[in-house]
Amino acid sequence: MADESMTFETALKKLEKVVQELEKEEVPLEKAIELYQEGMQLSKSCDDKLKNAENKMVKVMNEEGKLEPFDDVQGD
Amino acid sequence: MRNQYITVTALTKYLKKKMDIDPHLKQVLIKGEISNFKHHSRGHMYMTIKDQGAQIRAVMFASDNRHLKFLPEDGMQVLIEGNVSVFEAFGQYQLYIRSLEPDGKGALYAAYEQTKEKMEKEGYFDQQYKKEIPAFPGNIAIITSPTGAAIRDIISTLKRRFPIVQLTVIPVMVQGEEAVNSILTAISKVNHMHTFDTIIIGRGGGSIEDLWAFNDERVAKAIFHSDIPVISGIGHETDFTISDFTSDVRAVTPTGAAELAAPSLIDINTHLRQMQATLTRSTQYIIQTYKNELENYVSNLQRPNRLFREKEQYLDKLTDDMLHHLKRIYQNRLHTYQSLSIRFSHLNPKKQYQQLNETKKELTRRLDRQSKQILQAKKQQLQLYIHQLALLNPLEIMKRGYAIPYNMDGDIVSSTAYLYPGDDVTFKLKDGTLACSIQEVWRDEKDGR
């Protein structure tokens, strides 16, 4: 099942597996419905993870080993 | 006269002084081939420099050879700068090398080749040690110069492809004296922080001197030993640094390294959409299939005779099949029986019996013949015996005039000893008996002795 602690990578892999499972011949109807629901949940979870992930700021490590914003890229 | 002799030491000192003040010997530029190279444990290097016509002993002191970028070896063609002087203790003139570099390809290139060969032999480049790069990185450490094209290329590529990844620049000197230590410190720091899942180590293209820090054995080894997977993107396509060989993945350029470090978000989204579509389509297809099947059953139920007819047909087919099978089985058995009976007829004992009977008859014939022969022989022998016996018959003897005396008891009297005068005896002759009385007994002398 798609629980929230799952990483994006795990969720995506599970989703791929569910899709493969569904494409097999002779899936019992109940199993098919179950797989469909799980797949939709996983796909939503993946979507959410991507949408909610903020675009990150680039950081730079200063000489003391502290991280500060990187004033990146001349002219960017 | 004696005062004109000088010591060996004095002579040698004189020669040394002569050489040391000679301006031509103070600084000589020589090219030749190294042989008998020996790197003494105390750091000095000893060797012979030779060409086809001559050779000269040479030494390079530790203080001079410390900065050599390559390790001299036998057979290497070299360019030498140094001076010639005398080593007094051995009375030997020799070359004191101050600087040395390979003739032909540069010193750096030679050093590069040596380090590469050595580390390859030691297994640092082996594919089995390569770590897997995370497919969806969360935090990438970028070890490179904070200025210049490389960092710009890496950041812009990653922001475009996968803007949700955290990027952290670890600024380092990528060339010059401090470069090696600076890079080593950065790799060590990143590994100690436990927040990164991928390292990109990069530098734009340049000459072999510019890229030198990445050919340093210590840097290459630090990359090899990094717990976090390292993607290298150093220089241009044609340049391979030693670090490129020890990194887990080597990209051709810094931009290439960024592309290998993270997937494209657009690609992922497309993939997700495709999977969602497949999910729905597959499920609908499955439902439709079951629906069709159900409808099929329902329509059959509405017209039960169709079901019945189908079963009838099926029964016919089964019956046919069964008959067919039975026939085949019967044919099979028949065939087996026939072949067995042919084999059996070959096994009939009649022939053997006839043969044995023939033998028996033959033996019987032989037995008959034999027994007849034996019988005949026995008959002849018997007649012979009978004839002989006839000759021995006492009656026969009596026929020739002999008589046999018997006493009154009827016993044969074989000696005069048994008879006395007055005894009655009878004599049997061939044709009757005589009754007689003994008048006198005359015994033979022989007996009456």
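The values are calculated or read from the model by the stated rules, or taken from the named source; none is laboratory data. Everything numeric here is computed off the predicted structure, so don't read it as measured data. So basically every Cβ, Gly included, is an ideal-geometry build from the backbone, and we count neighbours across all protein chains shown.
Are there any pairs, at least 6 apart or on different chains, whose C-beta atoms fall under 9 Å, with the first in segment B:343-365 and among the aliphatic types (A, V, I, L, M) and the second at pLDDT below 80 and surrounded by fewer than 10 Cβ atoms within 10 Å (Cβ to Cβ), and if so, which?
No pair meets every condition.
Sort through B:Y330, B:Y285, B:Y353, B:Y290 and tell me the only one that's touching a Leu at 6+ places or on another chain (Cβ under 7 Å) and more than 30 Å from B:P134 (Cβ to Cβ).
B:Y290
Whether any residue in segment B:118-128 is modelled with pLDDT of 90 or more, within 14 Å of chain A (Cβ to nearest Cβ) and surrounded by fewer than 18 Cβ atoms within 10 Å (Cβ to Cβ) is what I want to check.
Checked against the condition, which is being modelled with pLDDT of 90 or more, within 14 Å of chain A (Cβ to nearest Cβ) and surrounded by fewer than 18 Cβ atoms within 10 Å (Cβ to Cβ), segment B:118-128 yields no hits at all.
Look at B:E81 and say whether it is part of a strand (DSSP E or B) and not aliphatic (A, V, I, L, M).
So B:E81 fits the description; yes.
Here are B:Y109, B:Y124: which of them is in a loop (DSSP other than H, G, I, E, B), at negative phi and out of contact with any His (no Cβ under 7 Å at 6 or more places or on another chain)?
B:Y124
With B:L307, B:L326 as the choices, which residue is at pLDDT 85 or above and assigned to a helix (DSSP H, G or I)?
Unique residue meeting the criteria: B:L326.
Can you tell me which of B:Y290, B:Y353 is in contact with a helix residue (DSSP H, G or I) (Cβ under 9 Å, 6 or more places away or on another chain) and at negative phi?
B:Y290
Can you tell me which residues in segment A:48-68 are over 16 Å from the mean Cα position of the chain (by Cα) and more than 7 Å from chain B (Cβ to nearest Cβ)?
A:M57, A:N62, A:E63, A:E64, A:K66, A:E68
For segment B:274-327, enumerate the residues that are under 27 Å from A:K31 (Cα atoms), away from every other protein chain (no Cβ under 14 Å) and either surrounded by 12 or more Cβ atoms within 10 Å (Cβ to Cβ) or touching a residue at least 12 places away in the same chain (Cβ under 8 Å) (or both).
B:N300
Wholly within segment B:1-77, which helices (runs of 4 or more DSSP H) include no fewer than the required count, namely at least 2 residues that are within 30 Å of B:E117 (Cβ to Cβ)?
Correct list: B:62-65.
Only one residue in B:I140, B:I200, B:I187, B:I97 is over 16 Å from A:V58 (Cα atoms) and in a strand (DSSP E or B), so which one is that?
Within the list B:I140, B:I200, B:I187, B:I97, the selection yields B:I97.
Quick one: in segment B:144-163, which of the residues that are more than 10 Å from every other protein chain (Cβ to nearest Cβ) and outside any helix (DSSP H, G or I) is nearest to A:T10 (Cα to Cα)?
For segment B:144-163, the residue satisfying everything is B:T144.
Could you please give the count of residues in segment B:46-67 that are free of Cβ contacts under 8 Å to residues at least 40 places away in the same chain and in contact with a strand residue (DSSP E or B) (Cβ under 7 Å, 6 or more places away or on another chain)?
12
Quick test for you: out of A:L29, A:L67, A:L42, pick the one residue that is in contact with a Lys or Arg (Cβ under 8 Å, 6 or more places away or on another chain) and either modelled with pLDDT under 85 or surrounded by fewer than 19 Cβ atoms within 10 Å (Cβ to Cβ) (or both).
Of A:L29, A:L67, A:L42, the one residue that is in contact with a Lys or Arg (Cβ under 8 Å, 6 or more places away or on another chain) and either modelled with pLDDT under 85 or surrounded by fewer than 19 Cβ atoms within 10 Å (Cβ to Cβ) (or both) is A:L67.
If I ask for residues that are charged (D, E, K, R), modelled with pLDDT of 85 or more and surrounded by 10 or more Cβ atoms within 10 Å (Cβ to Cβ), which ones from segment B:383-416 would you list?
Across segment B:383-416, the qualifying residue is only B:D411.
Does B:T336 satisfy the condition of being under 58 Å from the mean Cα position of the chain (by Cα) and within 14 Å of chain A (Cβ to nearest Cβ)?
no
A:K14 versus (1) more than 7 Å from chain B (Cβ to nearest Cβ); (2) under 30 Å from B:L294 (Cβ atoms); (3) in a helix (DSSP H, G or I): which is the lone unmet condition?
The one condition A:K14 does not meet is (2).
Scan segment B:43-64 for residues that are surrounded by 14 or more Cβ atoms within 10 Å (Cβ to Cβ), more than 19 Å from B:L25 (Cα to Cα) and of a type outside the set (A, V, I, L, M, F, W, C) and jot them down.
Within segment B:43-64, B:H44, B:Y46 qualify.
Only one of (1) part of a helix (DSSP H, G or I); (2) charged (D, E, K, R); (3) without any contact (Cβ under 8 Å) to a residue 40 or more places away in the chain is not met by B:E259, so which one is it?
Answer for B:E259: the failing condition is (3).
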